[in-house]
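These notes are about the structure you will find just below.
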Amino acid sequence: HYIAGTHNIVISAIDNAGNVSAFPASYQWAIDLTAPVTIINSVVPASAINNANQEVFQFSANESAAFACAVDNGPYQTCQSPFTVSSLVEGMHWFDVRATDVAGNQGLAVSYSWKTDFTPPQITIVSSTPAAGNSNAHNVSVDFSVNEPGSVTCSFDGAAAVDCVSPFTTPVTNDGAHALVISAKDAAGNVSLDAKLNWNMDFTAPVLSWGVILPSAALNKNSANVSLEILASESVTLFATLNGVSLGQVTSPLA
């Protein structure tokens, strides 16, 4: 009888003289037609996208059973819990496990998929206003992009990094060196190389003064030529006009 459950048979014997056996033969067995159910109890690391080079699986069944595992659609092989998938390469991976109970019933496989990502994100500076270098701007605006989803932080002038989005903008109130550092982390936990921009803000106008004037510093001259030395309080580019007419960019001494 192929009816699930416990069965018992008792056999007695009577000989030709009518004697009944004192101890009947009995046998009890169970018919199990139900396949076991497999459960994946834990996965370490648990993130479906991670940068670990191995994944550890804990699994069990709802009855006593033997297990078989398959990795990346490969053949099933006998396995036990915990089961470690190691030497992972970048890309998608699959893990399957199924149970077979003591009666030989094979359960359905349960699956788990994840992505292994070892590549850090890349930050691209699209534009900067003002451009990096010397400037007298009182505001900074930097447009940037990241090549994959994740979190982005910005640190201006060494302050604690805070979450930020593009464009990053901030006022600048003081002269001197200023720096922006942008960092990104992807869903797998890979951290980018920092993207850095540096400015030197100068809000102080240069001061000009006369140096040597030849042939003399007198206001009235009898020479058709004059040489004027211009002194500046800092490195500058000079422009001049003569009698209201632009001479364009000039150098000192101006002759």
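The values are calculated or read from the model by the stated rules, or taken from the named source; none is laboratory data. This one's a predicted model, so the numbers in the text were calculated from it and none came from an experiment. Note: ideal-geometry Cβ built from the backbone for every residue, glycine included; neighbour counts use all protein chains shown. Protein only, heavy atoms only, side chains kept; ligands, DNA and RNA dropped before computing areas. Shrake-Rupley method; radii C 1.70, N 1.55, O 1.52, S 1.80 Å.
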Once you have a ≥ b ≥ c as the square roots of the Cα gyration tensor eigenvalues for region 22-152, tell me rounded if a/c is under 1.5, and otherwise prolate or oblate according to whether a/b is larger than b/c.
-> prolate
For the chain, what's the relative contact order in percent, using C-alpha pairs closer than 8 Å and at least 6 residues apart?
-> 12 percent
Taking Lys and Arg as +1 and Asp and Glu as -1, residues besides residue 158 with C-beta under 15 Å from its C-beta add up to -1
Cα convex hull volume per residue for the chain, in Å³, equals 201 Å³
Heavy-atom surface of the chain, accessible at 1.4 Å and reported per residue (Å²) = 64 Å²
Computed Kirkwood radius, in angstrom, where 1/r is averaged over Cα pairs of region 172-255 = 17.5 Å
Using a Gaussian network model of the chain with C-alpha springs under 10 Å, which one of 206, 82, 215 is most mobile by mean-square fluctuation?
-> 215
By how many nm would the segment from residue 84 to residue 230 lengthen if fully extended, with 0.36 nm per residue of separation less the alpha-carbon distance?
-> 44.8 nm
Roughly speaking, what is the stretch gain from residue 92 to residue 240, that is 0.36 nm per residue apart minus the C-alpha to C-alpha distance, in nm to one decimal?
-> 46.5 nm
Which of rounded, prolate, oblate describes region 1-97, given a ≥ b ≥ c as roots of the alpha-carbon gyration tensor eigenvalues and a/c under 1.5 marking rounded, otherwise prolate only if a/b is larger than b/c?
-> prolate
So, with a 1.4 angstrom probe, what is the percent of accessible area on region 22-118 that is carbon and sulfur?
-> 55 percent
Residue separation times 0.36 nm, minus the C-alpha to C-alpha distance between residue 131 and residue 163: what's the value?
-> 9.2 nm
Treating the beta-carbon of each Lys and Arg as +1 and of each Asp and Glu as -1, no other charges, what is the dipole magnitude of region 119-255 about its Cα centre, to the nearest 20 debye?
-> 440 debye
Label-to-label distance, nm, for residues given as residue 212 and residue 8 (7 Å Cα→Cβ offset) | 12.7 nm
Sort 164-176, 19-31 for me by packing, meaning the mean count of neighbouring Cβ atoms within 10 Å per residue, highest on top.
-> 164-176, 19-31
